[in-house]
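The values are calculated or read from the model by the stated rules, or taken from the named source; none is laboratory data. Model, not experiment: these values are computed from the prediction. Reconstructed Cβ throughout: ideal geometry from the backbone, glycine too, with neighbour counts over all protein chains shown. In case anyone asks, the SASA skips ligands and DNA or RNA and just uses the protein heavy atoms, side chains included. Shrake-Rupley method; radii C 1.70, N 1.55, O 1.52, S 1.80 Å.
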Amino acid sequence: MQEFKHEIARMLTDKLPGSDIDFEGLMEIPPDPAMGDYAFPCFQLAKQLRKSPIKIAEELVGQLEPNGIVSEIKQVQAYVNFFINKEELSRKILTRALHHPLDYGAQNIGANKTVAIDFSSPNIAKPFNIGHLRSTVIGGSLKSIFEYLGYEVQGINYLGDWGTQFGKVICAYEEWRDEVDLTHEPIKQLLKLYVKFHEEAEKDPSLNEKAREWFKRLEEEDPVALELWEDFKDITIETLIQVYHRMGIEFTEYSGESRYFKKAEQVADMLDKKGLLVESEGAMIVDLSEYDMPPFLVKKSDGTTLYSSRDLAAAIDRYERFGFTQSLYVVGQEQTLHLNQVFKVLELLGYDWAERCTHVPFGLYLFSGEKMATRKGRIIYLEDVLDDAVELIREIIEEKNPNLLEKEQVAEMVGVGAVLFADLKNTRIKDVQFDYDKILSFDGETGPYLQYTHARINSLLKKAGKEIEVDQIDFGLLQENEEKEVVKAVGYFPDKIQEAAEKLEPSIIAKHLISLAAVFNTFYNAHRVITDNEEVSKARLALALAVKITLSNGLRLLGIKAPEQM
Ligand code: ARG
């Protein structure tokens, strides 16, 4: 729709040359389409020209003339409202969508720009929690969105694959290896070892000493310790890849904290040379009191580096390797302070690219209104959430449409899609209400609802059995207001993708798809698609096809597949 907005802004600029008003930026969308497609508010002009805004709107309407693109211009109090020519609108937008069934809305604004996205990033041998789930879903979608806009995207899974927990797990494995079978659900098995270690260490504190010893051996690169660690890491990644695959997510690299425990030492030296490192209670810190932040811990009193200092090294390495234009950290809100400290210390080190680093936080999951507490043993595995959703969908299909072809694949697409959509439709920072009944429902603001709308259009098109030749459609036949609203919703799709990337907010796309489905269903309930008039039918089928294309591309940006039938 930007082109139309441009054109309207140009018409205004022509009448008011020399004005420094941002006509395009000020343009609004009237709440009721019956009032117009765009509205220009005259308040700023009023200040400049020292006239009443209503008077200005009246004068402008007198001066502006409709043309091939704008069919009507009218004053609504202090606004100048514009109506876009229906035929022109439909032709431009629908042609574009129909010509790009697989990539409608894709753009090239990201050419020669690289975005690094750190997301998912779970910890090995520690619980995969809801924070990781949301990070996976949101980060995965952001990756697709940026790629669609032509950016080069580095999807980084910054695994928590270093730290004292490995001492504990290796120690536990040495003690109780007979009790676990790492060939089956290894992530859960490793966690079992970790939990058992803590239980046993309460009774026998000497285990803690052993674990520390193991971690020391690891940091000293003792081959036995390293091999075990390597194994734990490999089997974890293998299992993770399978789950990510179900959500259409691929990482460019799995480069976890272990890559940086040595480099973190070098960063500590750099800090020292710059005079930024100070000793405090035996530990080495960077004093950030000047910036109203608590001290940033670089080294522990025993000289080992930490999560915090490894993040400095990782950030520098990312910049050196990718020369990113943006570096995003899709991490829960509880790490806001940590990341702000990291960015500040990078700045103090003299890296001007520190300002390109952005924390992308998000809210919690509420299960029937209750905050999930992973610490209390109620651990949520992403995989189980997906499995449960798929199982429930399978039951619904069995009941509603038992003869459906490829039931299993459809259940997988719909179940997984429901979980992803339930997360992504929310403004990221808000908490997510997670209730299986609601998210799996085929109506309401859900993934299955969108997939269902998509499948319904598909069967409509199939039933009509008409070849849709874009160049032979008479777009002038789409004169109904309900049709215009559908065309506009298709037309806004590319703008929404751009906005989602700017605001790092996949929910903008999710919400837009809901409105698209809603206006389409309004149209569908008000008018017949297949009519006695062959040409009208074709134009309406073309409209329906454009909606189908938009839905499937939009869903894909959220990691959701759209089945042809359901
Ligand atoms: N592994 C960390 C955790 O689970 C998240 C890592 C986020 N990324 C980063 N560069 N700090 O809390």
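Of note, Ile249 does not satisfy the criterion of being closer than 20 Å to Leu159 by Cα, under 30 Å from the mean Cα position of the chain (by Cα) and at pLDDT below 90.
Filtered by the rule that a residue be not charged (D, E, K, R) and not in a helix (DSSP H, G or I), the stretch 161-213 gives Trp162, Gly163, Val180, Leu182, Thr183, His184, Pro205.
Applying the criterion of being of a type outside the set (Gly, Ala, Ser), outside any helix (DSSP H, G or I) and over 26 Å from Leu364 (Cβ atoms) to the residues of the stretch 298-338, the residue that is farthest from the ligand (Cβ to nearest atom) is Asp302.
Could you tell me whether the stretch 195-210 includes any residue that is touching a Cys at 6+ places or on another chain (Cβ under 7 Å), of a type outside the set (S, T, N, Q) and open to solvent by 60 Å² or more (accessible area, probe 1.4 Å)?
So in the stretch 195-210, the residues touching a Cys at 6+ places or on another chain (Cβ under 7 Å) come out as 197, 207, 210.
Subset that is of a type outside the set (S, T, N, Q): 197, 207, 210.
Filter once more, keeping what is open to solvent by 60 Å² or more (accessible area, probe 1.4 Å): 210.
Yes - at least one qualifying residue is present in the stretch 195-210.
Please work out which residue is most open to solvent (accessible area, probe 1.4 Å), limiting yourself to the stretch 243-260 and to residues that are touching a residue at least 60 places away in the same chain (Cβ under 8 Å) and within 20 Å of Glu412 (Cα to Cα). This residue is Glu250. Scan the stretch 276-294 and tell me whether some residue there is crowded, with 16+ Cβ neighbours inside 10 Å and within 16 Å of the ligand (Cβ to nearest atom). No, there is no match, as no residue in the stretch 276-294 is crowded, with 16+ Cβ neighbours inside 10 Å and within 16 Å of the ligand (Cβ to nearest atom). When the stretch 317-350 is examined, which residues are found to be open to solvent by less than 20 Å² (accessible area, probe 1.4 Å) and farther than 23 Å from Gly140 by Cα? Once the filter is applied, which keeps residues that are open to solvent by less than 20 Å² (accessible area, probe 1.4 Å) and farther than 23 Å from Gly140 by Cα, the stretch 317-350 yields Gln341, Val342, Val345, Leu346, Leu349. Which residues, counting only those in the stretch 112-169, are among the polar types (S, T, N, Q) and either away from the ligand (no atom under 11 Å from the Cβ) or within 30 Å of Asp302 (Cβ to Cβ) (or both)? Passing the criteria: Asn112, Thr114, Ser121, Asn123, Asn129, Thr136, Ser141, Ser144, Gln154, Asn157, Thr164, Gln165.
Selection of the stretch 408-435 for residues being under 13 Å from Ile396 (Cα atoms), of a type outside the set (A, V, I, L, M, F, W, C) and either surrounded by 17 or more Cβ atoms within 10 Å (Cβ to Cβ) or touching a Ser or Thr at 6+ places or on another chain (Cβ under 7 Å) (or both) yields Glu412, Gly415. For residues in the stretch 342-352 being assigned to a helix (DSSP H, G or I) and either away from the ligand (no atom under 12 Å from the Cβ) or farther than 17 Å from Asp118 by Cα (or both), which is farthest from the chain's Cα centre (by Cα)? In this case the residue turns out to be Leu348.
For the stretch 111-127, state whether one or more residues are crowded, with 17+ Cβ neighbours inside 10 Å and closer than 30 Å to Ile29 by Cβ. For the stretch 111-127, residues crowded, with 17+ Cβ neighbours inside 10 Å and closer than 30 Å to Ile29 by Cβ: present. If I filter the stretch 126-137 for residues that are of a type in the set (Phe, Trp, Tyr) and at pLDDT below 90, do I get at least one hit? Scanning the stretch 126-137, I find at least one residue that is of a type in the set (Phe, Trp, Tyr) and at pLDDT below 90, so the answer is yes. Filtering the stretch 299-330 to residues that are of a type in the set (A, V, I, L, M, F, W, C) and at pLDDT below 95 leaves only Leu306.
Of the helices (runs of 4 or more DSSP H) lying entirely inside the stretch 410-527, the ones with 3 or more residues being within 21 Å of Leu557 (Cβ to Cβ) are found at 447-464, 481-503, 507-526.
Considering Phe40, Phe23, which residue is over 31 Å from the mean Cα position of the chain (by Cα) and open to solvent by less than 20 Å² (accessible area, probe 1.4 Å)? It is Phe40.
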